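The values are calculated or read from the model by the stated rules, or taken from the named source; none is laboratory data. Keep in mind the model is a prediction, meaning the values are calculated, not measured. Here the Cβ positions follow ideal geometry from the backbone for every residue, glycine too, while neighbour counts run over all protein chains shown.
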């Protein structure tokens, strides 16, 4: 009796195992038949290449062969950078690509643009409101004489600080300044080589100020005519004009005017004949010449008699 029960139990377990194996094999077959489209390289993609749509294509593969890090659409890949060489037909995985920011600032530059950095303070750099991706206009101020709208619609691609720690205090140096942190703020802009050349010259000869542009697409590319403002046109006569400056202008005016000189008279006209010989020559007495001097006051000219 006990033996029969053992045989029946063994048969039951064998039947259960066979049923489970059949179901598992069937499920595996169904899983093997499931397929999905993934992104693969249509050509050989070199390292550090910016991925475009023409470099990619879709390929249908069994789902069991697709890793979890594979891309199922090209939209997430276009514009990214290849970390290493990717051969044709290879699946593109998340480890194969990176964003331009992750690869470095040079990948944020497109076409003929270059990067140039400027040291700014809280005023010229608009405090702490500037963000990467903002666009600004640049004003150059040359002393107290003029200012110019130098550049327009310039993109900010980097912001940072360069912290410096002074060395320990030296004799004669206040102890409170030793070890105190100082920081310089940098703004990195993207522009053409010609614009960068203008900006460098303006920075060397004047001061630079930023104007933040609106972010709305409607106004983002709006440009205005170049503007140059002269101090004399803005506020009139310069303050503190000295007498020497006025005299200098008067002399310059005098040099531009035609010169006048007294006529050269013969001796007979200056010294009458009867005064010289005592004899009557029969000539009419000649009038004595009038002695005058020329006085110039600014743009006015007067003659003053000395007789």
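Within the stretch 76-107, the only residue that satisfies the criterion of being part of a loop (DSSP other than H, G, I, E, B), buried (at least 16 other Cβ atoms within 10 Å of the Cβ) and under 28 Å from the mean Cα position of the chain (by Cα) is 80.
Restricting 115, 140 to those that are surrounded by fewer than 17 Cβ atoms within 10 Å (Cβ to Cβ) and assigned to a strand (DSSP E or B) reduces the list to 115. Has the stretch 62-75 got at least one residue that is under 29 Å from residue 191 (Cβ atoms), surrounded by fewer than 17 Cβ atoms within 10 Å (Cβ to Cβ) and modelled with pLDDT of 90 or more? For the stretch 62-75, residues under 29 Å from residue 191 (Cβ atoms), surrounded by fewer than 17 Cβ atoms within 10 Å (Cβ to Cβ) and modelled with pLDDT of 90 or more: absent. Is it the case that residue 22 is under 30 Å from residue 110 (Cα atoms) and either assigned by TED's automatic domain parsing to the domain that holds residue 80 or modelled with pLDDT under 90 (or both)? It is false that residue 22 is under 30 Å from residue 110 (Cα atoms) and either assigned by TED's automatic domain parsing to the domain that holds residue 80 or modelled with pLDDT under 90 (or both). For the stretch 118-137, a residue qualifies if it is under 21 Å from residue 207 (Cβ atoms) and assigned to a loop (DSSP other than H, G, I, E, B), and the qualifying residues are 121, 122, 123, 124, 125, 126, 127, 128, 129, 130, 134. For residue 124, state whether it is surrounded by fewer than 17 Cβ atoms within 10 Å (Cβ to Cβ) and assigned by TED's automatic domain parsing to the domain that holds residue 202. So residue 124 does not fit the description; no.
Looking only at the stretch 43-61, residues that are under 11 Å from residue 92 (Cβ atoms) and either touching a helix residue (DSSP H, G or I) at 6+ places or on another chain (Cβ under 6 Å) or loosely packed, with under 12 Cβ neighbours inside 10 Å (or both) come to 1 in all.
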